[in-house]
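Novice: Please read through the structure below; I'll follow up with questions.
Coordinate-derived values only; no laboratory data. As the structure is a computational prediction, the values presented were derived from the model and not from experiment. Cβ sites come from the backbone with ideal geometry, for glycine too, and all protein chains shown count toward neighbours.
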Amino acid sequence: MTKRTRVGVLCGGKSAEHEVSLQSAKSIVEAMDRDKYEILIIGLDKKGRWWGYETEDFLKYPDDPTRISLEQSSARLAFIPGEREKPLLDFSKSRVLDGIDVVFPVLHGPFGEDGTLQGLMKLADMPFVGPSVLGSAIGMDKDVAKRLLRDAGIPVAKWLVAERSSADRIDFRKAERALGLPFFVKPANLGSSVGVRMVASPDDFQAAREEAFTYDNKIIVEENISGREIECSVLGNENPIASLPGEVITDTKKHTFYSYEAKYVDESGAILKIPADLPQDTIQRIQESAVRSFKALCCEGMARADFFLKEDHGLVVNELNTIPGFTKISMYPKLWEVSGLPYRELIDRLISLALDRHERERKLQTSVFP
């Protein structure tokens with residue numbers, strides 16, 4: 001029998017997207033081909049501690065997005081950089097676990113999607129799925145990502161930025177003059193619409209700013225773009241390709257925008273039209289822009305590019321998600337499914353891309369001496 005690839009699936013984490021991560025990991029683990037892969041689930045709790053699970057029973061309330069959480073585990077893990085063959089220590093039982101061939105991070109938000117985990121994997125000489133350190137860090141910071149997209153000639157919404165120390169430099173009237181009404185206030189480094197509010201009054205602005213600063217030390221105040229919400233999946237390393245695009249149609253009677261609740265809690269909060277009903281020339285423009293944005297932000301492996309398609313047919317990039325939602329109904333895998341790449345094969349492709357990149361990087365010289 002061919003040796004199975006041992007995959008460490010990392011999920012949970014310290015960010016506000018902890019629960020979303022668990023939902024994504026559940027779907028990935030259920031879909032992986034057991035003839036090809038041996039799976040070790042590594043759950044990171046909200047304190048950042050690592051726990052090992054060798055069965056799929058790693059979740060409490062797996063079907064409830066508001067209560068989903070990690071089961072208790074007796075295997076408290078520590079990562080050992082530099083020990084590629086035996087990288088994990090279960091110090092609860094003083095034993096070293098079998099090696100891992102590749103890590104599949106499913107950690108959304110800070111401390112997992114922002115380059116921190118990717119840096120640890122690089123130090124440990126461990127292959128991992130998704131963008132590397134730079135692409136992950138850029139993609140997580142909406143302010144930096146917008147600057148690079150703008151400089152690459154890719155249209156983005158107008159925005160203002162404020163650090164906690166300079167928050168008073170942006171008041172409601174300044175934002176209104178620069179951006180119009182309504183506008184959005186967001187944490188700069190977070191996803192899944194956590195901490196995002198639409199603002200139309202000074203009172204709204206004060207509350208939105210306070211909430212955004214509970215999640216991040218930098219916030220962005222962003223123009224509202226009227227248009228269809230379009231998403232496109234990108235896959236690849238040096239030669240990335242784009243999927244067919246899909247459309248998010250939010251139930252505006254229940255949600256003012258595509259909020260966290262509309263995405264993950266309210267099953268009828270939005271309709272995902274996959275693929276989107278668009279003319280062929282528009283589909284091609286979206287795909288080309290998705291790939292250009294992917295390259296401009298130094299991404300590898302995967303990302304989901306989110307757009308606004310305006311009434312005048314102009315295309316505006318909202319953001320790129322470098323570890324997009326991966327539930328069975330999430331846009332990233334569903335778009336690849338309608339593009340001819342089923343969920344299980346998508347996982348195979350992502351793991352293959354991770355291993356290929358790692359092999360390419362291992363050929364680089366690391367010493368000036370022979």
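Novice: Looking at the range 158-223 from every direction and averaging, what is the projected area of its Cα convex hull in nm²? Could you put the intermediate results ahead of the total?
Specialist: Numbers: hull surface 14.6 nm².
With every direction weighted equally, the projected area is 3.7 nm².
Novice: While we're here: Given H placed on each backbone N at 1.01 Å, which residues far from PHE183 in sequence or on other chains put an amide H within less than 5 Å of it?
Specialist: VAL199
Novice: What spacing in nm lies between the two simple spin-label points modelled at ASP251 and SER94, each 7 Å away from Cα in the Cβ direction?
Specialist: 5.7 nm
Novice: Whole-Hz Karplus ³J(HN,Hα) for the range 111-117, in order, using 6.51 cos²θ - 1.76 cosθ + 1.60 and θ = phi - 60°, x for Gly and Pro?
Specialist: For the range 111-117, the Karplus curve yields 6, x, 10, 9, x, 5, 5 Hz.
Novice: Can you tell me the dipole magnitude for the range 5-128 around its Cα centre, using point charges on the Cβ only (Lys, Arg +1; Asp, Glu -1), in Debye to the nearest 20?
Specialist: Numbers: 16 positive and 21 negative charges, 100 e Å.
So the magnitude is around 480 debye.
Novice: For the chain, what are Rg and Dmax over the alpha carbons, in angstrom?
Specialist: In order Rg, Dmax, the Cα atoms of the chain give 20.7, 68 Å.
Novice: So for the pair ASP63, GLU311, with labels modelled 7 Å out along Cα→Cβ, what separation do we get in nm?
Specialist: With each label point 7 Å from Cα toward Cβ, the separation is 4.4 nm.
Novice: Give me the aspartates and glutamates in straight-line cross-link reach of LYS122: C-alpha distance below 15 Å, same-chain residues under 8 apart excluded.
Specialist: Reachable aspartates and glutamates: GLU83, GLU85, ASP101, GLU113, ASP114, GLU300, ASP356, GLU359, GLU361.
Novice: Another question about this same structure. Mind running the shape call on the range 1-130? Use the C-alpha gyration tensor, a ≥ b ≥ c as the square roots of the eigenvalues: rounded below 1.5 for a/c, prolate if a/b tops b/c, oblate otherwise. Let's see the in-between values first.
Specialist: On the way: a/c = 1.39, a/b = 1.22, b/c = 1.14.
The shape class here is rounded.
Novice: Still on this structure, please answer the following. Which far-off residues, 5 or more places away or on another chain, put their amide H under 5 Å from the one on ASP216, with H placed in the peptide plane?
Specialist: none
Novice: When the chain is fully extended, how far beyond the present Cα-Cα distance does ASP151 get from GLU163, taking 0.36 nm per residue of separation?
Specialist: Values: separation 12, 0.36 × 12 = 4.32 nm, distance 2.19 nm.
Fully extending the segment from ASP151 to GLU163 adds 2.1 nm.
Novice: If you don't mind, there's one more thing I want to ask. Go ahead and set up a Gaussian network model of the chain, Cα springs under 10 Å, then flag whichever of THR116, THR250, THR214 fluctuates most.
Specialist: Sorting by GNM fluctuation, first place goes to THR214.
Novice: Here's a follow-up. Only loop residues by DSSP count here, and only those with at most 13 other Cβ atoms within 10 Å; note down the GluC sites (Glu not before Pro) in the range 80-168 that meet that. Could the numbers behind the result be given before it?
Specialist: Working: sites: GLU83, GLU85, GLU113, GLU163; in loops: GLU83, GLU85, GLU113.
Passing both the DSSP loop test and the Cβ count: GLU85.
Novice: Here's a follow-up. Looking at the chain, what % of its DSSP beta bridges pair antiparallel, to the nearest 5? Could the numbers behind the result be given before it?
Specialist: Working: 51 of 66 bridges.
So the antiparallel bridges amount to about 75 percent of the total.
Novice: Okay, moving on. Identify all lysines with a Cα-Cα distance to LYS328 below 19 Å; exclude those on the same chain that are fewer than 8 residues away in sequence.
Specialist: Hits, sequence-local ones excluded: LYS26, LYS60, LYS263, LYS273.
Novice: Setting aside same-chain residues fewer than 8 positions from LYS295, which lysines have a Cα under 17 Å from its Cα?
Specialist: LYS142, LYS146
Novice: Mean residue ellipticity at 222 nm from the helices of the chain, using -39,500 (n - 2.57) per DSSP H segment of n ≥ 4 over the full residue count, to the nearest 500 deg cm²/dmol?
Specialist: Details: 9 runs with 107 residues, N = 370.
One gets -9000 deg cm²/dmol as the mean residue ellipticity at 222 nm.
Novice: Can you say what percent of the DSSP beta bridges in the range 5-128, counting only those with both residues inside, are antiparallel? Round to 5. Could the numbers behind the result be given before it?
Specialist: Working: 14 of 28 bridges.
So the antiparallel bridges in the range 5-128 amount to around 50 percent.
Novice: In addition: Go ahead and run the numbers for FRET between LEU120 and LYS86, Cβ-Cβ distance against an R0 of 22 Å, rounding to 0.05. Let's see the in-between values first.
Specialist: On the way: r = 16 Å, r/R0 = 0.74.
About 0.85, to the nearest 0.05.
Novice: Placing +1 on the Cβ of each Lys and Arg and -1 on the Cβ of each Asp and Glu in the chain, which of GLN365, ILE286, GLY99 has its Cα farthest towards the positive end of the resulting dipole?
Specialist: After comparing all options, I get GLN365.
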